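The values are calculated or read from the model by the stated rules, or taken from the named source; none is laboratory data. Since the structure is predicted, the reported quantities are computational estimates derived from the model, not experimental observations. Every residue, glycine as well, gets a Cβ built from its backbone with ideal geometry; the counts of neighbours run over all protein chains shown. Ligands, DNA and RNA are excluded from the accessible area calculation, which covers all protein heavy atoms including side chains. Shrake-Rupley method; radii C 1.70, N 1.55, O 1.52, S 1.80 Å.
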Amino acid sequence: MLRWLILFFRRRIAVKLTLTLLAFVAVVEVVAGAYLTRALEERAVQALEGRLVALARLLQDDARTLLAPAAAPQARREFALRTSRVTDARITLILRDGRVVAESDRPLEDLAKIESHRDRPEVRTALAGGVGRAVRRSETVGHDLLYVALPIQDGTRTVGILRLALPLEVVTGAYASIRQVLLAGGFLALAVALGIGLFVARRVTRPVVEMQSVARQMAGGDYTVRAPVRSPDEIGKLGRALNVMASRFREKIEDLEREQATITAILDSMVEGVLAVDGRDHLLLLNQSVRAMFRLGPRLGPGKPFLEVIRNADLFDLLEACRAAGGEMVSRELSLTTPVERVHEVHALPLRLGGEGTGVLMVLHDVTELRRLERVRTEFVANVSHELRTPLTAIRGYLETLLEGGLDEPDNGRRFLQIVFRHAERLGRLLDDLMDLSNIELGKVTLKREPTDLADVLEPVLAIVRPQAEAKRLAVAADLPPGLPAVSADRDRLVQILLNLVDNAVKFTPEGGRVTVTASPREGMVEVVVADTGVGIPSTDLPRITERFYRVDKARSRELGGTGLGLAIVKHLVQAHGGELRIESELGKGTTVSFTLPTARVEEAA
């Protein structure tokens, strides 16, 4: 409780001011009371001393007679008692040698037991010819007494001492009422000082308290509040300065917020990932691209340890290497396997943060697609070279054989020319497919889209592949529901799509298998499905099956006459129509290829 009160007093300026005023008044009262009391007591003692001296001078003649050697002890005793009753003082007759011969408070028989008073201060002074004065406690009466001693002289000779004594209670008792009045006045003065202190402190501290509230709101981010300014004094000047500071803070914070919003928008709009760490490897910032790269939630962000948010040892090693590089940028290409396998080109640059150490700024550029395209380009060049080299080598070989004498053998010469012709046809098909694929990718193919009935397109396609299917004893069938809506498509390109898919299904389905073509409406689209019971495609090859020249079984594909571009052409033609191609397959059980085409609009059908 006491500690709480101390804290309360320390935290309240009004209480401090009031207590300071009360303490000042109390100190003044104590000092003034002590001074007045002491002064009154001294004046009272002086007055009492003067009274006793006056009485002693009046009694000097009687005392001179009684101090003579011939004076009777009883006369001395009666003088002391009579004088004590009249003056209320304690009367003592002392001879020059210090013996007490009469005292108002002692009987005659006890005088012989009293020690010599010669060494008493007031007696020594009186024996020296002066007026002796002393204040001390009397063992006889048990009170503080004021002693006054006068020498009794006979001519020039001192014959004894007359000493009068009065208790100090006579003086202090007279001033008890004065002390009570002083005490009551002191309490009244304290009460008045308390009231004045509270009024003044409240008046002085009210604007300070209001400014404290304003400062607290400013600390909370509200810079629209203003401190009251009611006076031109120092507190008023403080309020005006606080208001100016609030206005400046508001302007600066708005500028900083605009700059931060601009920087955040720039960083979040960047394709590259940007992140920064401080000297303690805690994240300072990271943009949306980094969050997308590492699939970070909103709770993982600035302030968290780097390895807690991005758990990648290679990236952390690059961070440490950047610090060790001595201010130079460090670049590496890292393959980050988590959360998904991606290839990033990372540039790390030291970030000077003053006394907080050296941070690191890292920029991550996702080059996965670029590396994939480079790999596809390399594979494409290699595949094209290989696909062209095979027929050209065969053509050149057979032509050399013919030139070296094969023409002289009609049977062999004709067979060799037929082989050369087949390879030339295959080479022509390859070049035609490459040209078509290139034109489709470059957007040079113009689609003549019109309402097209799938049944009308599918019938000639099945007629083309049926001889090949019958040779392999395959069942080829179409199952189109009645009332199937027409699709918006280029008829010739749709024939090309269906012919490629059905032809592939027939080629890769063993004898006795089945190839089925079905279609169904799907929310403004028509889905066409070509399913077979063929050899199927391994799951590892499915993602790349639509790439140019990609073959699951290269030797068998060439034997069947394929160029390796059919599915790539189908994919791009379907996408050009606004549809989507999907391939599902299970090894040894068959393959299902489906694609969607938009249905024809009413105005197109009209």
Computed curve, the range 247-314, Cα-only Debye sum without solvent term, log₁₀ I(q)/I(0) at 0.14, 0.18, 0.24 Å⁻¹, is -0.50, -0.74, -1.04
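Under 1.5 on a/c is rounded, so check that first for the range 252-386, then, if it is not, pick prolate when a/b is larger than b/c and oblate when it is not; a ≥ b ≥ c are the square roots of the alpha carbon gyration tensor eigenvalues.
prolate
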Beyond 26 Å (Cα-Cα) in this structure, taken from Lys507/Lys571; Lys252/Lys304; Lys448/Lys507, we find Lys252/Lys304; Lys448/Lys507
Residue span Met329 to Thr540: 0.36 nm per residue of separation minus Cα-Cα distance leaves a gain in nm of 72.0 nm
Checked the range 444-494 against the a/c 1.5 cut and the a/b vs b/c comparison, axes a ≥ b ≥ c from its Cα gyration tensor; verdict oblate
Under a 1.4 Å probe, counting only protein heavy atoms, Leu399 has an accessible area in Å², nearest 10, of 70 Å²
Protection proxy (average C-beta count within 10 Å per residue), highest first, orders 119-126, 539-546 as 119-126, 539-546
Note on the range 178-255: contact order normalised by length, alpha-carbon pairs under 8 Å, 6 or more apart, percent, works out to 21 percent
For the range 149-306, shape from the Cα gyration tensor axes a ≥ b ≥ c, cut at a/c of 1.5 then a/b versus b/c, turns out prolate
Expressed in angstrom and rounded, the centroid-to-centroid distance over alpha carbons for the range 276-332 and the range 115-137 is 100 Å
Of all GluC sites (Glu not before Pro) in the range 37-111, the ones in DSSP coil with at most 10 other Cβ atoms within 10 Å are none
Ranking Phe421, Phe316 from most to least accessible area with a 1.4 Å probe gives Phe421, Phe316
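Sum up the charges of everything whose Cβ sits under 15 Å from the Cβ of Glu470, counting Lys and Arg as +1 and Asp and Glu as -1, but leave Glu470 out.
Here the charged neighbours net out to +3.
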With +1 at each Lys and Arg Cβ and -1 at each Asp and Glu Cβ, the charge dipole magnitude of the range 204-292 around its Cα centre, to the nearest 20 debye, comes out at 520 debye
Once the dipole of the range 184-316 is set up from charges on Cβ (+1 Lys and Arg, -1 Asp and Glu), the residue from the list Phe294, Val192, Pro228 lying farthest towards its positive end is Val192
With 0.36 nm assigned to each residue of separation and the Cα-Cα distance removed, Asp88 to Ala265 gains 53.1 nm
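Tell me the trypsin sites (Lys or Arg not before Pro) within the range 35-98 that lie in a loop according to DSSP and have at most 16 other beta-carbon atoms within 10 Å.
Arg96
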With the charge dipole of the range 67-156 built from beta-carbon charges (+1 for Lys and Arg, -1 for Asp and Glu) about the Cα centre, the Cα from Leu146, Pro73, Ser104 projecting farthest to the positive end belongs to Leu146
Expressed in angstrom and ordered largest first, the alpha-carbon extents of the range 281-354 along the principal axes are 33, 28, 18
